[in-house]
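Asker: Here it is: the structure, laid out below.
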Amino acid sequence: MSLSCAIETCKCKSREICHCCNTNLCTDHLKVHVDLINSQIHPLAVEINTLDNQLSLLNVDEVIGKCRQKLDKWHHECHPTVDCFYEEKCQELQERCVEKVGEKRKKIHQLKLKTNELIREQEA
């Protein structure tokens, strides 16, 4: 059983298979298809060579060095912000602890008063 050409408007039977894209094509359309592929190969090869040249010219150590400088600058600039936040949190901790201890002392004082009152009532 023969297959039709993959081009929808073509009524011819498929005679060939494009090995690049596994498409069934008639002889005329295969030639057009191959010509199209070939016309795209040269610009692709030029682009690949250009990218290869750019990559070979790339100084990786220099790129890493520049990125490191940016990271170091960021690191240095963030320290004051972190230090300020740290100081704020230390102050909050100090205030909360003093407040909580004060509350506990007040409760203990009230318990002492109540206990002393109960002891006096029993003695009376």
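Asker: Mind telling me which of the residues Ser14, Ser2 ends up being surrounded by fewer than 10 Cβ atoms within 10 Å (Cβ to Cβ), more than 26 Å from the chain's Cα centre (by Cα) and at pLDDT below 95?
Answerer: Ser2
Asker: I'd like to know if the stretch 17-27 contains one or more residues that are assigned to a helix (DSSP H, G or I) and closer than 30 Å to Leu3 by Cα.
Answerer: yes
Asker: Also, quick follow-up: From the list Glu99, Glu117, which residue is at pLDDT below 95 and not assigned by TED's automatic domain parsing to the domain that holds Arg15?
Answerer: Of Glu99, Glu117, the one residue that is at pLDDT below 95 and not assigned by TED's automatic domain parsing to the domain that holds Arg15 is Glu117.
Asker: To continue, here is another question. Kindly indicate which of Glu8, Glu88, Glu77 is charged (D, E, K, R), within 46 Å of the chain's Cα centre (by Cα) and assigned to a loop (DSSP other than H, G, I, E, B).
Answerer: Within the list Glu8, Glu88, Glu77, the selection yields Glu8.
The values are calculated or read from the model by the stated rules, or taken from the named source; none is laboratory data. From a predicted model like this one, the values you see are computed outputs, not experimental measurements. In this analysis, Cβ positions are derived from the backbone assuming ideal geometry, glycine residues included, and neighbour counts consider all displayed protein chains.
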